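Quick note: the coordinates plus some simple rules give every number you see, no bench work behind them. Small disclaimer: the values here were computed from a predicted structure and weren't measured. FYI the Cβ positions are ideal-geometry reconstructions off the backbone, even for glycines, and counts take in every protein chain you see.
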Amino acid sequence: MSTPRTALRRYRADDGVVLSADVGGDPAAPAVILSHGGGQTRHSWRGAMRRLLADGYQVINVDARGHGDSDWSPSGDYGIDRMCADLRGIARTLPAPPALVGASMGGAASLLAASEAGVAQALVMVDVVPRLNREGAERIVAFMRARPDGFASLDEAAEVVAAFYPQRPRPRDPTGLLKNLRWRGDGRLHWHWDPALVADPDGVAEPPRFTEKLYAAAERIRVPTLLVRGMESDVVSDDGVEEFRACLPALEVCDVAAAGHMVAGDRNDAFNDGVADFLRRHLPRP
């Protein structure tokens with residue numbers, strides 16, 4: 001599949017933070033906003049973005065505040081309400097409500113945004129439910145809080161990632177990690193995210209703190225909703241899925257075998273097929 005043309009676009013949030021996004025497709029086509037998980041960047045969606053563009057959608061693939069090429073929040077505001085407001089602001093630049101596709105942190109923010117009337121036409125949540133498996137969620141937070149002193153080399157960073165996520169084979173060429181790392185003035189590589197993201201006890205780093213907020217949002221949802229779950233994930237449990245379904249009886253679930261929490265990266269073709277089928281039915285193209 002050839003790589004569709006995209007352009008880098010900046011969106012200014014209502015608090016002045018500038019968000020960077022790759023945008024492609026016909027501006028008149030139904031739109032999909034992609035929101036990555038905590039500690040990731042928009043580059044985690046590169047395969048999904050190619051597929052959605054090929055399917056005829058307009059796609060906005062955004063770096064969350066404090067991540068990638070987006071600004072860090074001067075006030076350290078990375079709460080779930082703030083992330084939701086950023087998505088809502090982007091959605092309202094469009095001629096019609098988009099579909100929101102969010103993974104983990106981005107999925108939680110997308111759920112909140114989609115619970116507001118007129119913001120979204122459809123919602124896809126990737127390996128996130130209101131009540132997460134605490135052990136799995138805390139493992140992610142611990143990874144993000146580790147190594148504040150950075151890494152001496154790219155190989156050192158690759159070893160740490162391989163130890164954290166052994167389900168995925170370590171790539172022979174680790175240069176892809178440079179999308180997630182930055183050289184700083186100390187001569188070391190550091191993760192691209194703002195450390196304040198995981199220092200704030202009221203931010204997205206602590207899923208149990210906003211569980212009830214997400215349940216309340218789920219009860220307000222009036223748009224078609226899909227949960228894509230990695231069957232080897234330690235973040236979403238069977239009980240968590242059933243509790244979510246109790247709040248949202250019309251919930252559709254796509255289980256992806258041999259995938260962990262990072263579903264799109266583990267089984268990209270299966271992930272893309274599940275999302276494409278859902279959008280074909282609920283976000284029709286002319």
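Based on the Kirkwood approach, the hydrodynamic radius assigned to the range 82-131 is 10.5 Å, with every pair of different Cα atoms included.
How large is Rg/Rh for the chain, to two decimals, with Cα atoms and a Kirkwood Rh? Numbers along the way, then the final one.
Values: Rg = 17.6 Å, Rh = 18.9 Å.
Looking at the chain, the ratio lands at 0.93.
Ranked by how many other Cβ atoms sit within 10 Å of their own Cβ, fewest first, the residues Leu226, Leu100 fall in the order Leu226, Leu100.
Checking the a/c ratio against 1.5 first, then a/b against b/c, what shape does the Cα gyration tensor give for the range 3-46?
oblate
Distant-in-sequence amide contacts of Val126, defined by a placed amide H-H separation under 5 Å and a gap of 5 or more residues or a different chain, comprise Gly102, Ala103, Ser104, Gly107, Val228. In order along the range 49-58, the Karplus-derived 3J(HN,Hα) couplings, from 6.51 cos²θ - 1.76 cosθ + 1.60 at θ = phi - 60°, round to 5, 4, 5, 5, 5, 5, 7, x, 8, 7 Hz, and Gly and Pro are given as x.
With R₀ set to 22 Å, the beta-carbon distance separating Glu135 from Arg170 gives a calculated FRET efficiency near 0.40.
Work out how much length Leu8 to Glu243 would gain on full extension: take 0.36 nm times their residue separation and subtract the Cα-Cα distance, in nm to one decimal. The partial results should precede the final answer.
On the way: separation 235, 0.36 × 235 = 84.60 nm, distance 3.88 nm.
Once the chain is fully extended between Leu8 and Glu243, it gains 80.7 nm.
Calculate the tail of P(r) for the range 9-123: the fraction of all Cα-Cα distances greater than 20 Å, expressed in %. Tail of P(r) above 20 Å: 32 percent of Cα pairs.
What's the longest piece of the chain with no exposed trypsin sites (Lys or Arg not before Pro), counting a site as exposed if DSSP puts it in a loop and it has at most 12 other beta carbons within 10 Å? Display every interim value, and only then the final one.
Working: sites that count: Arg5, Arg92, Arg172, Arg184, Arg222.
That would be 6-91.
Between the range 30-57 and the range 106-184, how far is it from one alpha carbon centroid to the other, in angstrom? Cα centroid to Cα centroid, the span is 15 Å. In terms of its Cα atoms, the range 228-278 spans 29, 25, 12 Å along the principal axes, sorted from long to short. What the phi angles of the range 268-285 give under the Karplus curve with 6.51, -1.76 and 1.60, with θ = phi - 60°, is a coupling list of 4, 5, 5, 4, 4, 5, x, 5, 4, 5, 4, 5, 4, 7, 10, 9, x, 8 Hz, glycine and proline written as x.
GNM on the chain, alpha-carbon springs under 10 angstrom: the most fluctuating residue among Leu248, Leu132, Leu177 is Leu177.
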